[in-house]
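Encoded as C-alpha cells, the structure appears first; notes follow it.
The values are calculated or read from the model by the stated rules, or taken from the named source; none is laboratory data. Remember, predicted model here, so these are calculated numbers, not experimental data. Here the Cβ positions follow ideal geometry from the backbone for every residue, glycine too, while neighbour counts run over all protein chains shown.
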Amino acid sequence: MKRQSMAPAGNRPETRPTLAAVAARAGVSASTASLAFSGRGPVSDDTRAKVLAAAAELGYGGPDPLAQSLRRGRSGIIGALIPARIGVSFRDPVLIQTLDGLAEEISAIGAGLLLLPDQDPDSGYVNVTDAPVDAVVLVGCSADALSALDALQRRSIPIVQIEGPVDAGVHTISVDNRGGVRLLAEHLRAFGHTRVALVTLALDRARTAGPLTAEREAGATVTAALDRIAGARDVYPGVGGWVAGASRSDAGREAALALLTVPPAGRPTAILAQSDLLAAGVLAAAEELGLRVPEDLSVVGFDGIRVDGLERSLTTVWQPSQDKGAAAGRAIVEMLAGRSPEPVSFDVRFQPGDTSGPAPA
C-alpha cells in the first residue's frame, strides 16, 4: 500500500463525531451511550433507541478503532511478511496453506492478519518496519528481509520466522528441507541416475532466473532453496541446474526447456525440482519436447500438494504447510502473553509416484 501525502487543510474531512456528542444529544451519560451503542450492556430498549437515533443524526458510526487500539496498547493486527507481491504469492498453494494455519491460530485472540510483501524499506510503501502491528511472522522470506530485523527488535514486538536463517536470533519454525531432498536424490540414485539437474526456487529478492552458478549461490539469501540444494549435493556432489524466478509451473517449464534443449548425450535423465509447481512445469516441457516420463526423464518435486491440471502422480516429498503456519501462530500467541515458546521443527515424508523410474540405458 502506497503512502498517501497529507491533504491540504481545506480539503480535510470534518472532525469525526464523538461518543460524548452522541451522549449529549441523547441526554444520557457517556458510559450509558457506550453500553447502548455496543448492544452488550444493561440498557433499556428505549434508551438504546435514543442513543442510536442520536448517533444516526450526528453521523457517528462507532468507536474510533485507532483510539481503541491506543487505549489497549495493541492494534490487534499480526503482520505476515511474504516473499513476493500478493498477486504472485496467492498463486502458491504452499504459502496459502501456511497463511491459513497462521490465521486460524491468531484468531483465537481476536487478531487479524496483515500481509506485507518483502520489498525495499525505501520503496515508499508501507512496510514491515513501520506497519501498525503487534507482532511479525516472516513467512519463507529471504535473508534480505532480516535487514529490517534491527528496526523490528527496537519496537520490542514478537518476531517469528518460518524457514529462515538459523543464526537470525529469532524464534524459528523449521522444516527438514535438506533431509527431504536427500530422500529424493537417494531415490533417483537407486534408479541408476547419474545425470541429474536441479530446478531451484528463487535464490534472492531479485528472483532472477538463469543458470545455477557458484556466483549465484554465493549471493543467495533464501534459506529453503539453499537447504534443498545442499540435500541434493549430499548425494550428487557438484550437481548444477537452473534457478527459476518463482515457484510457478511456467517458471519450471522455462527452466526445463533450458536444461533439456541440448544434445541427448548431455541431457539430464532426471530433474529434481524444488517445488511441485516447478515439477509440473518440467513435466509440461518434457511433453513439449517429446520426452517420455519416466522412460526418458524422471521428475521429482517437493511439497506434496495437489497441482491443478496435473494428471500424473508426482514423486515428491510432503511437507506440513498448514501445520508450520499454525505453529508460528501459536508461538505468536504465546509471546504476546509473555511466554517463551519452544522451537518447532517438522519432518517431511517421501511420497512415491509414477514420474520417476530407472535411468534410460
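Structural remarks
- Of the helices (runs of 4 or more DSSP H) contained entirely in segment 28-146, those carrying at least 3 residues that are closer than 24 Å to residue 207 by Cα and either modelled with pLDDT of 85 or more or over 14 Å from the mean Cα position of the chain (by Cα) (or both) fall at 93-106.
- Screening residue 348 against (1) at pLDDT 95 or above; (2) closer than 20 Å to residue 212 by Cβ leaves a single unmet condition, (2).
- Yes/no for residue 185 being out of contact with any Phe, Trp or Tyr (no Cβ under 8 Å at 6 or more places or on another chain) and aliphatic (A, V, I, L, M): no
- Filter result (in a loop (DSSP other than H, G, I, E, B) and either on the phi > 0 side of the Ramachandran plot or of a type in the set (D, E, K, R) (or both)) within segment 282-297: 290, 292, 295, 296
- In the set (1) outside any helix (DSSP H, G or I); (2) farther than 26 Å from residue 264 by Cα; (3) not assigned by TED's automatic domain parsing to the domain that holds residue 138, residue 169 fails one condition alone, (3).
- Test for residue 197: is it at pLDDT 75 or above and surrounded by 17 or more Cβ atoms within 10 Å (Cβ to Cβ): yes
- Residue, farthest from residue 239 (Cα to Cα), within segment 154-193, restricted to residues that are without any contact (Cβ under 8 Å) to a residue 60 or more places away in the chain, surrounded by fewer than 20 Cβ atoms within 10 Å (Cβ to Cβ) and within 19 Å of the chain's Cα centre (by Cα): 170
- Some residue of segment 224-236 being in contact with a helix residue (DSSP H, G or I) (Cβ under 7 Å, 6 or more places away or on another chain), assigned to a helix (DSSP H, G or I), at pLDDT below 95 and under 24 Å from residue 96 (Cα atoms): yes
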